[in-house]
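Here is the structure we will look at, set down as structure tokens.
The values are calculated or read from the model by the stated rules, or taken from the named source; none is laboratory data. Here the structure is a predicted model, which is why all the values come from computation and not from measurement. When we count neighbours, we look across all protein chains shown, and the Cβ atoms used for this are built from the backbone with ideal geometry, even at glycine. Just the protein is used for accessible areas: all its heavy atoms, side chains included, with ligands, DNA and RNA removed. Shrake-Rupley method; radii C 1.70, N 1.55, O 1.52, S 1.80 Å.
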Amino acid sequence: MRGLPFNFTNTMKNSPRLLLLVLLCVGLGVGVLKAYTFGRIAFDAGNYKAARWWYGVAANMGDANAQNNLAGLYADGLGGPQNNRLAAEWFEKAARNGVASAKFNLSNFYEDGRGGTQDTRKAVALLESAASEGDVVAAFNLGSIYATGRDDFPKDATQAIAWYQKAADRGYASAQYNLGSLYAQGVDVPQDLSQAGKFFSQAAQLGHAKAQMDLGTMHAFGMGYAQDTVQGMQWLRKAASQAVTAAEAMRRIETVCKGTIDAATKALCQQPLSTPAG
């Protein structure tokens, strides 16, 4: 959800029309909940200008969800000009009022330096707060920050694995895949193909294309598993049916099919591949 190109807090002093609207809302018993509801209705209808207006009313009356949604409208430039500074201000207000998604959104602003100064430590603190409230993507993002580090924040493989694991335990396929990649590559952690295969398998079963491709490769070439070209080909063919991995998966399939293969694998090599979706 997203929000208007002006700061309602300041604009109310200079806009009799907006002030009149707020007074009418109170006088008619509309109140903050109704203003927020009108904002949602406008947003769902694609009327982002009206959504900014109503979310602005509710946000200035203290509605935390409206503050978060208004910030989103400013951030995306929906219903008016994009304004990262105002987006950051409203995200911060919503975050202070306990909106977990606002903490996540504001963390992205601090990490990228949008609307102010880049500060990865503040981003991490916000993500930790959001993750503690159950935001699985926040846990994943923490893993990513710790795994790679930033100019103002050192990488920490132990913390990366811990946060990826929290997201993986809740079925987040990208976290499972990234854990598998860490163990497969053996960078910053001891290489462990058994662990890599375990996490690739979890993500592959959830439809993660790269996990399917890497798991298929491990089976086909006996990496961390006893070689099983049939199972490897089955996973590689799944990856080949997804646009993001189609080209590389087909290259790996060709490599398998050019090698010494049994009759069952040869039959798979002769079957046409599904056209990648998208």
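Taking the longest Cα principal axis of the chain as reference, the axis of helix 193-205 is set at about 60 degrees.
Values [x] 76, 26, 20; [y] 38, 21, 19; [z] 49, 22, 14 are given for comparison; semi-axes √(5λ) of the Cα gyration tensor in Å, derived from the coordinates here, is the one labelled [z].
Quick one: with all protein chains in place, what share of the accessible area of the chain is carbon or sulfur, to the nearest percent (1.4 Å probe)? Of all accessible area on the chain, carbon and sulfur atoms account for 51 percent. A cut-off of 5 Å between modelled amide H atoms, ignoring neighbours fewer than 5 places along the same chain, links Q82 with no other residue. Spatial offset of the range 246-260 relative to the range 37-92 amounts to 50 Å, using the alpha carbon center of each.
Using the heavy atoms of the protein chains alone and a 1.4 angstrom probe, what is the accessible area of the chain per residue in square angstrom?
49 Å²
With K and R counted +1 and D and E -1, the other residues having a Cβ less than 12 Å from that of D63 yield a net charge of +3.
Seen against the Cα atoms of the chain and their longest principal axis, helix 229-240 is set at about 30 degrees. Principal-axis analysis of the Cα atoms of the chain puts helix 246-258 at an angle of about 10° to the longest axis.
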